[in-house]
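Participant: Have a look at the structure that comes next, please.
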Amino acid sequence: MIERIDLLLTGIGRLVTPIGNVPRYGGEMKELREITNAAVAIQGGRIALVGSEEDVTNRLQGVEIAQTLDARGYLVTPGLVDPHTHLVHGGSREHELALKRSGVPYLDILAQGGGILSTVQATRASSEQQLYDKAYRSLDIMLLQGVTTVEAKSGYGLTLEDELKQLRTAKRLNEMHPIDVVSTFMGAHAVPPEYKGRAHDYVDLVCDMLAEVAQHGLAEFCDVFCEHGVFTVEQSRRILLEGRGLGLLSKIHADEIESLGGTELAGEVGAISAEHLLAASDEGLRMLAANGVIPVLLPGTSFNLGLNKHARARDMIDRFNLPVSLSTDYNPGSCPTESIQLVIMLASLNLKMTPEEILTACTINAANAIGRGDQIGSIEVGKRADITLFDAPNLAYLPYHFGINHAYGVIKNGNVAVW
Ligand code: NIG
Ligand code: FE
């Protein structure tokens, strides 16, 4: 029995949402629930009713409604979820742009002490407040794009104190910003300069850091950059298993640039997600499917690195029945953009995903990639009222009309965050 409604959203031209709490696999990704002339009623930060406007208003006869908003005939989707970002960091790397454009590969810049290591320097030199202020502005941009939950990795500190500084910042952002921020410890993002040539010793340190991070409850996930010249499969396995033993679920930057076996490792350790996967082998993809690992694809990164290569989203969906997810990978090097709507366009252009698959990838599958499928990722009774309103007539319009921001309104936890 509904006694009172905090917020009623009427005049929704078209509401589209995946259904259920669990990931949507392969062919299921295109199956959405669609309601035209819809309404959503919100109570206590959760969805109380969703359906046709006629139905919803009939069921609310005599019920007190605190606020009503007219959605102007626009498109409504679940709030978008960005499950892979390097949100908290110091500085920026536009000084590397000319180098990149002249064709110097990403890993070469890193090997020369630039790339991630240049951001490590800037992050170590930043105060917690500076990191917070910079990341807060990025979250504002994400919110304006229609994003309501973001994962954030550490990995630009690479000492215990500097990693904790990043994680504490993410925690405070989660408390203070309307967007929910979910933390991942990624001490194994690069070998810091003071450990150059001693990667093995640094892996020991990462394992020690993990114990501190777990003890302070500062992260839910543990991630590793498993890549040629960064961390080997063996080192990555050691770190992920150590994290798992402490209750941190595994994530892995796998086969981003070279095929090293990180995808297979994700299957082996039962990771919650495996990210990038440009160079993933068939065997690796088969292992993801067999072990319930969610592939998180980052088409903004391959685009910005100028790689003529893309993750095999069609194979993942059509041949391997995988629940593909999408993310910005927002970071100051390989993908300096907070724009999930750019990613939506690139997923259509380069990954050949359909608009329906893209929405599923950015909502329920992304929510599951960060262990939140029971709370967010679809517009259904009982779920958190995280809702995005787009000034667009239908879903296909989002990747079609590109380079602009279509988001008109965002409701987060039942509160109007953007309108
Ligand atoms: O996901 N590949 C490793 N980490 C990031 C890039 C970080 C950076 O360049 O600062 C990525 O692409
Ligand atoms: Fe990344």
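Participant: Do we have any residue at all in segment 152-159 that's surrounded by fewer than 20 Cβ atoms within 10 Å (Cβ to Cβ) and modelled with pLDDT of 95 or more?
Facilitator: The answer is yes; a qualifying residue exists.
Participant: Could you please give the count of residues in segment 229-245 that are surrounded by fewer than 24 Cβ atoms within 10 Å (Cβ to Cβ) and outside any loop (DSSP other than H, G, I, E, B)?
Facilitator: Residues flagged as surrounded by fewer than 24 Cβ atoms within 10 Å (Cβ to Cβ) and outside any loop (DSSP other than H, G, I, E, B) within segment 229-245 amount to 9.
Participant: Oh, and also: Is there a residue in segment 300-319 that is surrounded by fewer than 21 Cβ atoms within 10 Å (Cβ to Cβ) and closer than 24 Å to D140 by Cα?
Facilitator: Yes: one or more hits.
Participant: Select from segment 272-292 the residues that are closer than 16 Å to K309 by Cα, within 15 Å of ligand 2 (Cβ to nearest atom) and not hydrophobic (A, V, I, L, M, F, W, C) and list them in ascending order.
Facilitator: Correct list: E275, H276.
Participant: Moving on. If a residue must be in a helix (DSSP H, G or I) and within 16 Å of ligand 1 (Cβ to nearest atom), how many such residues does segment 154-169 contain?
Facilitator: Number of matching residues: 3.
Participant: Moving to a separate point now. Residues in segment 121-138 that are in a helix (DSSP H, G or I) and either surrounded by 14 or more Cβ atoms within 10 Å (Cβ to Cβ) or touching a residue at least 60 places away in the same chain (Cβ under 8 Å) (or both): how many?
Facilitator: Residues meeting the conditions: 12.
Participant: Now a separate question. Yes or no: I358 without any contact (Cβ under 8 Å) to a residue 60 or more places away in the chain, among the β-branched types (V, I, T), away from ligand 1 (no atom under 16 Å from the Cβ) and in contact with a strand residue (DSSP E or B) (Cβ under 9 Å, 6 or more places away or on another chain)?
Facilitator: yes
Participant: For segment 282-336, give me each residue that is of a type in the set (S, T, N, Q), touching a residue at least 24 places away in the same chain (Cβ under 8 Å) and more than 16 Å from ligand 1 (Cβ to nearest atom).
Facilitator: If the condition is that a residue be of a type in the set (S, T, N, Q), touching a residue at least 24 places away in the same chain (Cβ under 8 Å) and more than 16 Å from ligand 1 (Cβ to nearest atom), then N291, N321 are the ones that fit.
Participant: Still on this model: With under 21 Å from L87 (Cα atoms) and out of contact with any Cys (no Cβ under 8 Å at 6 or more places or on another chain) as the only criterion, which of I272, I257 stands out?
Facilitator: Only one candidate qualifies: I272.
Participant: Determine, yes or no, whether V56 is β-branched (V, I, T) and either at pLDDT below 95 or more than 27 Å from P355 (Cα to Cα) (or both).
Facilitator: It is true that V56 is β-branched (V, I, T) and either at pLDDT below 95 or more than 27 Å from P355 (Cα to Cα) (or both).
Participant: Considering each residue of segment 361-382, count those that are crowded, with 21+ Cβ neighbours inside 10 Å and over 17 Å from V293 (Cβ atoms), and give that number.
Facilitator: Within segment 361-382, residues that are crowded, with 21+ Cβ neighbours inside 10 Å and over 17 Å from V293 (Cβ atoms) number 6.
Participant: Of all residues in segment 167-188, which are more than 17 Å from the chain's Cα centre (by Cα), buried (at least 24 other Cβ atoms within 10 Å of the Cβ) and not small (G, A, S)?
Facilitator: Across segment 167-188, the qualifying residue is only T169.
The values are calculated or read from the model by the stated rules, or taken from the named source; none is laboratory data. On a predicted model such as this, the values are computed, not experimentally measured, just so you know. Methodologically, a virtual Cβ is constructed for each residue, glycine included, from the backbone with ideal geometry; neighbour enumeration extends over all protein chains shown.
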